[in-house]
């Protein structure tokens, strides 16, 4: 069976190298968000997306209602006006650094929780419960701010632009 697999997948051992090369060749794309506009690179959109995917509990909300990166990377298809682009950049400049900051805070709380529960120190049940509630509170607040930013981008669009937007979104997110 192993011999058969080697024949069917001759590049199985070299796929990590290929994926690294592809990542290096296309460093400014962010999954379904599309190409990252030049004016957004200083906002670290890849890092923001990573934080959203790892620290935010309702990840699906962000695939069905995109944020500033998606809007600006599809500006031509959406036929965004100059004022719409400026408004979306304003939203991005506010929410993206805030997302990274909140993600760091959430990760620090999770690290403290891991230390409190790893068995090296006596278990403080009340302290653990307090930390769990604090993590949930921070995640919920971050999620709420992010959803509000995504809605603010949507509200800038005309009805025709909204129809175009929903056609551009991945089909998988609309089926859920």
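Values in this text are rule-based calculations from the coordinates and carry no lab data. All values derive from a computational prediction rather than experimental measurement. With ideal geometry, Cβ positions are generated from the backbone for all residues, glycine too; neighbour counts draw on all protein chains shown.
Every condition in (1) part of a helix (DSSP H, G or I); (2) more than 16 Å from residue 74 (Cα to Cα); (3) free of Cβ contacts under 8 Å to residues at least 12 places away in the same chain is met by residue 166 except one, and the failing one is (2).
Determine the pairs where a residue that is at positive phi, located within the stretch 67-81, has a partner that is surrounded by 24 or more Cβ atoms within 10 Å (Cβ to Cβ) and assigned to a loop (DSSP other than H, G, I, E, B) with Cβ atoms under 6 Å apart, the partner being 6 or more residues away or on another chain. Qualifying pairs under 6 Å: none. Restricting the first member to the stretch 97-123 and to residues that are in contact (Cβ under 8 Å) with a residue 24 or more places away in the chain, and the second to residues that are surrounded by 12 or more Cβ atoms within 10 Å (Cβ to Cβ) and not in a helix (DSSP H, G or I), the beta-carbon pairs closer than 8 Å and six or more apart or on different chains are 100/44.
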